[in-house]
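Heads up, the thing below is written out as structure tokens.
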Amino acid sequence: MLARYIIRRLLQFIPLLIAISIIIFVIIQLPPGDYLSTYIVQMKNSGTDVDQSYIINLTRQYGLDQPAHIQYFYWITNIVTKLDFGRSFQWQQPVSQILSERLPATIGIALLSLVVTWGLAIPIGIYSATHQYSLGDYIFIFLGFIGLAVPGFLLALGAVYVIFVNTGVSLTGLFSPEYVNAAWSWAKFVNMLPRLGLVVGIIGLSQTAGLIRQMRAMLLDELQKQYVITARAKGLEEKKLLWKYPIRLAVNPMVSTIGWILPGLISGEIVVSIVLSMPTMGPVVRRALISQDMYLAGSFLLIVSVLTVFGTLLSDIALAVIDPRIRFGGVAE
Amino acid sequence: MSARKRRQQQDGTYEVAGQWKLMWWKFKKHRLAMIALPIIVIMYTITMFCEFFAPALPLSRFRDFKDCPPSAIRLRDADGNFVGLHVRLKESVRDPVTFRKVFADSDQIIKLGFFVHGEPYRFLGLFDSDLRFFGPVEKGGEFFLMGTDSLGRDLYSRILFGGRISLSFALVSIAFTFFIGLTLGGISGYLGGFADTIIQRMIDLIMSIPGIPLWMALAAALPTTMSSLGKYLWMSIIMSLIGWTGLARVVRGKILSLREEDFVIAARLSGASHGRVIGRHLLPSFMSYIIVSITASIPGTILGETALSFLGLGLQAPTISWGTLLQDTQTVEALALQPWLLWPAFFIIVTVLMFNFAGDGLRDAADPYK
């Protein structure tokens, strides 16, 4: 049963990937002019001679003289077979090189934020649901509203301002200036912690707010069900009653929230890391977009989208493993 | 049952009350929403008529007052005598320690008043006027409620003009979202089958791409030569191209559940066309859910526009929006020396918070029979 479910999901996964890649390719092609013409203009402006053999080479490699659908074919084949995402004219480097330097940090921070988000939202959601309309519940509801209303970049600005005014330290970047080029050491690690904590906290906050609401609503729903009343009537201890069924049932769907939390966290990471000038993809993507360096920006978008879809797939499978209702419902559909 | 409901039931008003009346009664019970609604109305009114409400024009420069901090509104002068609403003129002095130019209050008084005459403006493009709601009594007085920017322009006036762009942007974008979401959601739910599958897969696809990077990429693809009005419209279309999915899901879900209801079958048997069934019978019965869904997506649109404009990828100067105003705060130095430049953030947060409250109230009210 489970194997069939997984295979079915994997088969749905493939057309989605193809559709994503087509959208990204269209986005790459949107700005007027292509990579080569931009490159030639740039070379001419800087007074360098344009190397004709290099141009011909690139044209052949990426099929730039072909119609769009053939170009797409070249583009996607280069990516799938050689991990060749094209070149960034702004950096004069292969895109894959820039991505391999910066992308792990972005994904690492997003995943760390995911852990923090869940780690905060689930206990708070349980507390709020079991203490409905208490002072604590109202405080968390209020904080949740703030988390929803204050966008990440404003939180980051506010945090930088408050910390700078109070301590004189500019908490931007992942390390203080003296550690940026230093080799990894314990001191460098310690230096990173408050900065990493700030980024993760800010990115996580807005998603946490939504998740707390969901956890609270889900658990409140469960608590109203008849089996809870029955268990209570039979004299089951309140703590045992809570942990045995309602919480387990309410936490299960949390796993499936990955599908919308992950894109949100990555969006948050991009904006917040620009404000805090982190050595991640954010500042690079922004500069790439402003100068319409589309291979770089598009490749980033492609990779994070594919990773998000993959994350959703994993969470769906995980949900099917822990929750038989999904598994059987999914197959019977 | 509340006392009012009981009373209404006794005199019969509860039974005969229409759907919308019941919703209004339920909405009124949500206190935060009842606070939020008037604030939203006030904000839209002020920003719509911002020429009248702003003390200065957004582009007029006070050359001797660059980076001037906000001036406090006072009633009494330095000697404690009552002189009415006024501010003290800022004068430029050197900080004895850092030797930077800073501003300090002087003894000179700038009187303030309501319905004063200032620089002339064209009101909503209709007629010329120089009447202002509130400002310095003398024309061109240096009154900066929220300080000035690095070119010496009054920040408060700019915030009001920026609010007109940011707040109307949300509405324009919502209008596009409404159109796309309703059409595609309606087709998906009403026709079902192949069309439904295609549209549902499209929604899955759009939802799986991280929103802000996608917005950024599409916005960056707009030609740099585009006029500011064109950019404004295209940005709102981009927002709605990505944002329609939530509404389409609501519409589809509602249509699916209503499609087999007796009144729909009756309508169809009486020979009503598809269009008439959707427009006359289905749509009104879930209009309230659409309104909830739309209200819920306004804060996201406002935040998206401000974030993009802040990053330099959305609306761009000379267009004034809350996001472009915040661009000035991108460096720690600017924040530390001119913290008043963060005032637009206050307006963003209040607006989004109010829309969230109102949306919560609407969600409770959407199903008044519960």
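The values are calculated or read from the model by the stated rules, or taken from the named source; none is laboratory data. Only a predicted model underlies this, so the values are computations on that prediction, with no experimental measurement involved. Because the Cβ atoms are built from the backbone with ideal geometry, glycine has one as well, and the counts that use them run over all protein chains shown.
The numbered conditions (1) without any contact (Cβ under 8 Å) to a residue 12 or more places away in the chain; (2) within 9 Å of chain B (Cβ to nearest Cβ); (3) surrounded by fewer than 24 Cβ atoms within 10 Å (Cβ to Cβ) are all true for A:PRO283 except (2). Among the residues of the stretch A:181-197, which ones are of a type outside the set (D, E, K, R) and either touching a Cys at 6+ places or on another chain (Cβ under 7 Å) or in contact (Cβ under 8 Å) with a residue 60 or more places away in the chain (or both)? Answer for the stretch A:181-197, where residues must be of a type outside the set (D, E, K, R) and either touching a Cys at 6+ places or on another chain (Cβ under 7 Å) or in contact (Cβ under 8 Å) with a residue 60 or more places away in the chain (or both): just A:LEU196. When the test is whether a residue is in contact with a Ser or Thr (Cβ under 8 Å, 6 or more places away or on another chain) and surrounded by fewer than 20 Cβ atoms within 10 Å (Cβ to Cβ), B:VAL137 does not pass it.
Note on the stretch A:245-301: residues that are at pLDDT below 85 and acidic (Asp, Glu) total 1. Scanning the stretch B:149-166 for residues that are over 17 Å from B:GLU51 (Cα atoms) and under 23 Å from the mean Cα position of the chain (by Cα) yields one hit, B:ASP149. Among the candidates A:GLN90, A:GLN132, A:GLN66, the residue that is outside any helix (DSSP H, G or I), crowded, with 18+ Cβ neighbours inside 10 Å and not hydrophobic (A, V, I, L, M, F, W, C) is uniquely A:GLN90.
Quick one: which of B:PHE194, B:PHE127, B:PHE144 is within 22 Å of B:ARG74 (Cβ to Cβ) and modelled with pLDDT under 90? Don't jump to the end; show me each part of the working.
Details: B:PHE194 fails: within 22 Å of B:ARG74 (Cβ to Cβ); B:PHE127 fails: within 22 Å of B:ARG74 (Cβ to Cβ).
Residue meeting the stated conditions: B:PHE144.
This table checks each residue for (1) among the hydrophobic types (A, V, I, L, M, F, W, C); (2) without any contact (Cβ under 8 Å) to a residue 40 or more places away in the chain; (3) under 30 Å from A:SER170 (Cβ atoms).
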| position | (1), (2), (3) |
| --- | --- |
| B:ILE255 | yes, no, no |
| B:LEU258 | yes, yes, no |
| B:GLY271 | no, yes, no |
| B:LEU282 | yes, no, no |
| B:ILE290 | yes, no, no |
| B:ILE298 | yes, no, no |
| B:GLY304 | no, no, yes |
| B:LEU325 | yes, no, yes |
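Within 17 Å of A:GLY298 (Cα to Cα), of a type in the set (S, T, N, Q) and in contact with a helix residue (DSSP H, G or I) (Cβ under 8 Å, 6 or more places away or on another chain): which single residue out of A:GLN71, A:GLN97, A:GLN61 fits that description?
From the options A:GLN71, A:GLN97, A:GLN61, the qualifying one is A:GLN71.
Of the residues making up the stretch A:76-94, those that are farther than 19 Å from A:ALA288 by Cα and touching a helix residue (DSSP H, G or I) at 6+ places or on another chain (Cβ under 6 Å) number 2. Test A:ALA129 against the criterion of being hydrophobic (A, V, I, L, M, F, W, C), in contact (Cβ under 8 Å) with a residue 12 or more places away in the chain and more than 28 Å from A:LEU241 (Cβ to Cβ), and give yes or no. No; evaluated as a whole, the condition is false for this residue. Does at least one position in the stretch A:243-258 carry a residue that is of a type outside the set (A, V, I, L, M, F, W, C) and within 14 Å of chain B (Cβ to nearest Cβ)? So far as the stretch A:243-258 goes, yes, one or more of its residues are of a type outside the set (A, V, I, L, M, F, W, C) and within 14 Å of chain B (Cβ to nearest Cβ). There is no residue in the stretch B:331-338 that is modelled with pLDDT of 90 or more and either farther than 21 Å from B:ILE42 by Cα or touching a helix residue (DSSP H, G or I) at 6+ places or on another chain (Cβ under 8 Å) (or both). Of all the residues in the stretch B:193-223, those that are touching a residue at least 60 places away in the same chain (Cβ under 8 Å) and over 22 Å from A:ALA288 (Cα atoms) number 0.
Would you confirm, using the coordinates I've provided, whether A:ILE212 is β-branched (Val, Ile, Thr) and either surrounded by 13 or more Cβ atoms within 10 Å (Cβ to Cβ) or on the phi > 0 side of the Ramachandran plot (or both)? Yes, satisfied. None of B:SER288, B:SER273 is under 23 Å from B:LEU182 (Cβ atoms), surrounded by fewer than 18 Cβ atoms within 10 Å (Cβ to Cβ), of a type outside the set (Phe, Trp, Tyr) and assigned by TED's automatic domain parsing to the domain that holds B:SER236 except B:SER273.
Take the conditions (1) more than 10 Å from chain A (Cβ to nearest Cβ); (2) under 23 Å from B:ILE42 (Cβ atoms); (3) hydrophobic (A, V, I, L, M, F, W, C); (4) surrounded by fewer than 17 Cβ atoms within 10 Å (Cβ to Cβ); B:VAL350 misses just one of them, which is (1).
In the stretch B:331-347, the qualifying residues are those that are farther than 30 Å from B:HIS30 by Cα and touching a residue at least 12 places away in the same chain (Cβ under 8 Å), and the one that is nearest to the other protein chains (Cβ to nearest Cβ) is B:LEU342.
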